[in-house]
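What follows is a short report on a single structure.
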Amino acid sequence: MSAAPIRSVAILGGGTAGWMTAAALSKALAGQGVAMALIESDAIGTIGVGEATIPTIHWFNQLIGLDEAAFMQATGATWKLGIEFRGWQGEGSAYFHPFGTYGLPGDAQMLPHRLIRAWNGGHARDIEAFSLTTQLARARRFARGNGDPRSLLSTLGHAYHFDAGRYAAFLRQMAEGRGVRRHEGRVTRIERDGETGLVRALTTERGERIAADLFIDCSGLKGLLIEGEMAAGFEDWSHWLPCDSAWAAPTAADPAAPLHTTATAAQAGWRWRIPLQHRVGNGYVFSSRFQQAEAARDSLLAAIGTPEAEPRLIRFVPGRRRKAWIGNVVAIGLSSGFLEPLESTSIHLIQTGIGKLLSLFPRQDCAPLLAEQYNRVFAREMEDVRDFLVLHYHFTQGRTEPLWQACQAAPLPDSLAYKVEQFRASGRLMLQGEDLFRDASWFAVMTGQGLRAADHNPMLDSMSEADNLRHLDAVQAAIAKSVAQLQAGGA
Ligand SMILES: Cc1cc2nc3c(=O)[nH]c(=O)nc-3n(C[C@H](O)[C@H](O)[C@H](O)COP(=O)(O)OP(=O)(O)OC[C@H]3O[C@@H](n4cnc5c(N)ncnc54)[C@H](O)[C@@H]3O)c2cc1C
């Protein structure tokens, strides 16, 4: 006979991960009579960063039934069309990783090959001219993608920058409105069942005891339940991703701010600039092996001018928990691991954690097979994101600082080495169905980081070289025309 259904869920932590989980579970479990509690500690607080997203956020927003206009207003959000990488190919260099696809609708997979063919034939073509999203970002003009496969607008993609604190507050209101009960206080005691090893209850320093069938650990980097209690173990990836620290500081709002995140390579890491409606978020992600914290702080301040608040130092170890689900504890958010903020993937990983939990939602016995599947997919997702990040660090050129030299010399993960080898030889992007970043992203970053393909897909050779160039010119002209129309206020 099946075990009894879950009757109560407790979420430990009220940061972005905790409240996203609370908003999603309270929606998905509505009407099932499942009691939901969230425990957070004002004294401990949240990490307070994590303000740039990627387009997969739309899936989550739909899931929780979020109204975009209300969300943008409440969180001081701005549009994000992609990321501009400055200085990754030496001082003065820049490239753009756009959301959305290259070329005309339906051309997304062949357009890279058309460009590779032109480049290898000695014909200069600017990759940016072939992405409507990039061109709009350059023109500081927002337009929304549409689902019409005949329209150039269907090649667009966007995400948001938002204020992390306001986002958590916004989701809290939503989750509490759906019955999630919030408890304030530091958890100091964790009870386990002596026989099954399952967690039974959490007790706060005020003496409040919260019992549940299922516990979601959203307690941040320390992973109070998944590591502190269940001893999941941690896979340290700092040999691939060298940064382990960040200074963060806000500056005044910039009315002329771009519709993208900026990631600028620096001496021992990189700086982010995330424009919001009411301020600009800035930070310097750096490796403590290559720069002292005080020098890193000075370098951030020299780049951003006078901040609106004292810079805050955050330390982390890049890597992942060996298991994110053990017994009746599922870690979501920083408690499950953190790589680093380049490419803004952490909130996405919270969403995929929630998505996996919903599709593998257990009964009271928390069948280990479900956890096994969760952990397999989790490992694969983290490795996929890791490889995309390592691509940026390894393939810089013209950067002579010790950190960058060390990254250039470090061996690649096998899975990334394979992708790079395939691209260099044949221009093919060897992606798997579940990979987060798709052709346009890999092509933008590989090309932007200076990787060159020796060949293109021979399917293109049914067209002459001259016709290929004419096709590219027509695509470029169509995108330029569309940008001009959008700037003039048309569609
Ligand atoms: C420098 C930096 C920049 C980042 N930038 C981005 C970005 O641009 N985009 C992106 O997607 N992600 C980014 N991230 C990641 C992002 O910040 C996190 O994924 C996100 O904020 C979720 O954090 P969290 O909720 O897991 O943890 P936290 O925000 O740390 O929340 C932990 C919660 O647990 C509670 N808690 C802990 N211990 C106890 C206890 N004993 N008792 C009771 N409560 C407890 C705390 O009070 C808090 O409410 C960045 C991270 C860093 C470090």
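The values are calculated or read from the model by the stated rules, or taken from the named source; none is laboratory data. What you are looking at is a predicted structure, and each value in this text was computed from that prediction instead of being measured. Cβ atoms come from the backbone with ideal geometry, glycine included; neighbour counts cover every protein chain shown. Calculation scope for accessible area: heavy atoms of the full protein, side chains included, ligands and nucleic acids excluded. Shrake-Rupley method; radii C 1.70, N 1.55, O 1.52, S 1.80 Å.
Overview of values
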quantity	calculated
Unsatisfied cross-links (Cα-Cα over 24 Å) in the set Lys27/Lys323; Lys80/Lys222; Lys222/Lys323	Lys27/Lys323; Lys80/Lys222
Using a Förster distance of 45 Å, the FRET efficiency for Ala466-Arg424 (Cβ separation, nearest 0.05)	0.95
With all protein chains modelled, accessible area of Phe361 [1.4 Å, Å²]	60
Cα-centred dipole magnitude for the range 245-315, charges only on beta-carbon of K, R (+1) and D, E (-1), debye, nearest 20	220
Options Ala265, Leu391, Leu276, ranked by Cα towards positive dipole end of the range 259-406, top entry (Cβ charges)	Leu391
DSSP bridge pairs, the chain: antiparallel proportion in percent, nearest 5	70
For peptides 290-296, 196-202, 407-413, sequence by mean Cβ density within 10 Å, most packed first	196-202, 290-296, 407-413
C-alpha long axis of helix 368-394 to longest principal axis of the chain, angle in °	40
Angle in degrees between helix 293-304 and the longest Cα principal axis of the chain, rounded to the nearest 10	50
Cα lying deepest toward the dipole's positive end in the range 139-260, options Leu225, Thr196, Pro149, charges on Cβ	Pro149
Size of charge dipole - the range 360-491 - debye, nearest 20, with Cβ of Lys, Arg +1 and Asp, Glu -1, no other charges	280
Cβ-defined net charge surrounding Leu429, 15 Å radius [Lys, Arg +1; Asp, Glu -1]	-2
Accessible heavy-atom area order of Lys80, Lys481, highest first, probe of 1.4 Å	Lys481, Lys80
Net charge contributed by nearby residues that have their C-beta within less than 11 Å of Ala175 (K/R +1, D/E -1)	+4
Computed FRET value (nearest 0.05) for Lys222 with Asn120, which takes r as the C-beta separation and R₀ as 45 Å	0.35
Carbon/sulfur fraction of accessible area - the chain, other protein chains in place, 1.4 Å, %	51
Cβ charges +1 (Lys, Arg) and -1 (Asp, Glu), total dipole of the range 309-423, debye	340
Cα gyration tensor shape of the chain, rounded if a/c is under 1.5, else prolate or oblate by comparing a/b with b/c	prolate
Inter-label distance for Met459 and Leu301, nm, one decimal - labels placed 7 Å from Cα along Cα-to-Cβ	5.6
Accessible area (Å², 1.4 Å probe, nearest 10) - Asp42	100
Nearest-10 value in Å² for the accessible area of Met459, using the 1.4 Å probe	140
Largest to smallest accessible area among Trp119, Trp88 [probe 1.4 Å]	Trp119, Trp88
Rg to Rh quotient for the range 245-315, alpha carbon positions, Kirkwood Rh	0.96
Exposure rank, largest accessible area first [Arg166, Arg117; 1.4 Å]	Arg166, Arg117
